[in-house]
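Since every read-out is calculated from the coordinates, none of them should be taken as a lab result. This one's a predicted model, so the numbers in the text were calculated from it and none came from an experiment. Cβ atoms come from the backbone with ideal geometry, glycine included; neighbour counts cover every protein chain shown.
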Amino acid sequence: MTGGRTGWARVPAPVRDAGLVAVAVGDAWLAVSDSSWPEAGLAALACAALALRRYVPLVVVLLTVPATVVADLVVAPLAALFALAERRHDRRLLGACAVLMAAASAAPWPWHDPDSRDRTWTLIQFAYTLAGTAAPVLFGQLVQARRDLSRRLAEIEEAREHERALHAQAVLARERAQLAREMHDVVSHQVSLIAVQAGALQVGAKDTDAREAARTIRSLSVATLDELRNMVTLLRASGGRATELTPQPTLADIRKLVATSGIDAELTGVLPDTVSTPAQRAIYRTVQEALTNVRKHAPGAGATVELWCEGDDVGVTVTNGRPTRPSLPLPGSRQGLVGLRERAEILHGTFSCGPTPDGGYGVSVRIPAQPA
């Protein structure tokens, strides 16, 4: 349907028009060679009008009708009907033009009052002529349908290309959102721990060089966290929910995470090994983010990490007490808790957080142990 053009279609339009007019003139010459000048003039007008069939096909048909009445033309009326049918969708108009052309061809000329035998023959000739005029109309409609179908197929292909491009953009957006979450959960966790430890060393060190080195480390860590915050914000601006990336930590890594958190944290509870891998990752990230926030916003406070299982659900609750000293002015991306809520929703779970009655803070997540 959308292949290369045929040999006839590659011929320039003026050359085709000239060829068609020449054939029509030859046909008309045979039909009006013994006729009067008015009849020859009408035939010549019909032949010349074919050059305009692409622009005003209906006018060309109407100009051909008088010549068809006075002469037995073949090429001009059929070419005019084909041009009209190729460019118009109105089937009533096409049918009326075919009937009009057949009537003009079957009408007796010169006009006289025919007897009953002549009238019967005229009707028979009209029926045969109507079949002849219907042929170019049907063929023109077929050509038009083929052209419309080719155009429609091209539009469908273009739409599919656009859909594929949108799908690729959506995949890229999800990957960016996932990358942003992983950057916040993994990289900022480590950098914030460096900043906290450097701040503690800066306060407790007695050697001037050690304090200066600790100050430099802390400053660089704070600047790095600030850059990470900007990068995460940019990635999330074009991202959405995403699939998990590998490799990822599991429940087996939580004990080490608590032990190396740099705060006084206690781990209680045990979860079964049958918990799905996505649920294990979500629980690990929840503990990681909660302990990071304790270090940043509640220095000196202890924390409790409680793993629990209720029916078909598993979860973790991390609570911390009131801070015992002022927190360091570390920048926050404000995306950590958002990411935890997104993880829980992806796994058809729930996430909650908020202050506790004793002035601390609590974070809890509940997730089905197995995918729904």
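Observations on the structure shown:
- Ranked by how many other Cβ atoms sit within 10 Å of their own Cβ, fewest first, the residues His162, His297, His189 fall in the order His162, His297, His189.
- DSSP bridge orientation in the chain - percent antiparallel, rounded to nearest 5: 85 percent
- Helices in the chain, meaning DSSP H runs of at least 4 residues, each add -39500 (n - 2.57). Divided by all residues, the mean residue ellipticity at 222 nm is -21000 deg cm²/dmol.
- Annotation for Glu163 and Thr274: the two label points, set 7 Å from Cα along the Cα-Cβ direction, are 4.2 nm apart.
- Paramagnetic reach from Asp358 in region 295-327 [backbone N under 13 Å; point 7 Å along Cα→Cβ]: 301-305, 319-324
- Entry note, the chain: relative contact order of 11 percent, from Cα contacts under 8 Å with a spacing of 6+ residues.
- For region 246-372, the spread of Cα positions along each principal axis, largest first, Å: 44, 32, 26
- If R0 is taken as 30 Å, the Cβ-Cβ distance between Arg341 and Glu310 corresponds to a FRET efficiency of 0.90.
- Segment Ala96-Leu138, length gained on full extension (0.36 nm per residue, minus Cα span): 13.8 nm
- Virtual spin-label span in nm between Ala170 and Trp121, 7 Å along Cα→Cβ: 7.3 nm
- FRET E, pair Arg87, Trp37, Förster distance 35 Å, beta-carbon r, rounded to 0.05: 0.60
- Under the span-like rule (Cα at least 20 Å along the axis, Kyte-Doolittle mean at least 0.0), DSSP H helices of the chain: 13-32, 57-70, 91-106, 188-204
- Taking other C-beta atoms within 10 angstrom as a stand-in for reagent exposure, Lys256, Lys206, Lys296 fall in the order Lys206, Lys256, Lys296, fewest first.
- Neighbour-count ranking [beta-carbon atoms within 10 angstrom, fewest first] of Val196, Val15: Val15, Val196
- For the chain, built as a Gaussian network whose Cα springs stay under 10 Å, the top-fluctuating residue of Ala48, Ala177, Ala303: Ala48
- Cα gyration tensor category, rounded, prolate or oblate, for region 13-159 with a/c compared to 1.5: oblate
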